[in-house]
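The values are calculated or read from the model by the stated rules, or taken from the named source; none is laboratory data. All values reported here derive from a predicted model rather than from experimental measurement. When we count neighbours, we look across all protein chains shown, and the Cβ atoms used for this are built from the backbone with ideal geometry, even at glycine.
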Amino acid sequence: MADKIKITVAIACVVLGLWGYHHYVHMAIGWRALMILGGLVVGAAVMWLSTPGKEFVVFAREAWHEGGRVAWPTRQETIRMTLIVFVFVVVMSLFLFFVDQIIAWLIKLFLGSSGA
């Protein structure tokens, strides 16, 4: 029950920051931006105090560490694969264009001869 209250308070802080930004239109944009930032920071702090917030922090850390263990492709591999994809897209688009033209020609041939 306490976690639901914390999550509700966190959401309320973010909403309050957004409300302040839109309500105080006569203030300088810097102050209004600080309202949003303050709402986000306070909301994140309250959320972090809840059990789901702590679980999310643990998940985010594990995901960050897992991303570091990924074998990322080199620049040369990335360029080569991008060129392969580009050539494949060009070849497929030409193939589909010609198939479309053939189908259009066949339809004209059948409809043209039967309609005359």
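If you take the residues in the range 48-62 that are among the small types (Gly, Ala, Ser) and under 18 Å from CYS13 (Cβ atoms), which one is nearest to the chain's Cα centre (by Cα)? Talk me through it step by step, then tell me what you get.
First pass over the range 48-62, keeping only residues among the small types (Gly, Ala, Ser): 50, 53, 60.
Then keep just the ones that are under 18 Å from CYS13 (Cβ atoms); that gives 50, 53.
Numbers: SER50: 26, GLY53: 21 Å.
Per the criteria, the residue is GLY53.
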So which residues in the range 1-22 are loosely packed, with under 12 Cβ neighbours inside 10 Å and more than 26 Å from the chain's Cα centre (by Cα), if there are any at all?
MET1, ALA2, LYS4, ILE5
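Quickly run through the range 1-22 and pick out the residues that are in a loop (DSSP other than H, G, I, E, B) and of a type in the set (Gly, Ala, Ser). Talk me through it step by step, then tell me what you get.
Restricting attention to the range 1-22, the residues satisfying the condition of being in a loop (DSSP other than H, G, I, E, B) are 1.
Those that are in a loop (DSSP other than H, G, I, E, B) and of a type in the set (Gly, Ala, Ser): none in the range 1-22.
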Just checking, how many residues over the range 58-116 are aromatic (Phe, Trp, Tyr) and closer than 30 Å to TRP48 by Cα?
2
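Inside the range 38-76, can you point out the residues that are assigned to a helix (DSSP H, G or I) and of a type in the set (S, T, N, Q)? Break it down into steps so the answer makes sense when it comes.
Step one: list which residues in the range 38-76 are assigned to a helix (DSSP H, G or I), which gives 38-48, 51-69, 75-76.
Result: THR51, GLN76.
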Being aliphatic (A, V, I, L, M) and either assigned to a helix (DSSP H, G or I) or not assigned by TED's automatic domain parsing to the domain that holds PHE56 (or both) is the filter; apply it to the range 23-37 and report the residue that is surrounded by the fewest Cβ atoms within 10 Å (Cβ to Cβ).
ILE29
Check on GLY53, closer than 30 Å to LEU16 by Cβ, of a type outside the set (A, V, I, L, M, F, W, C) and modelled with pLDDT of 90 or more:
no
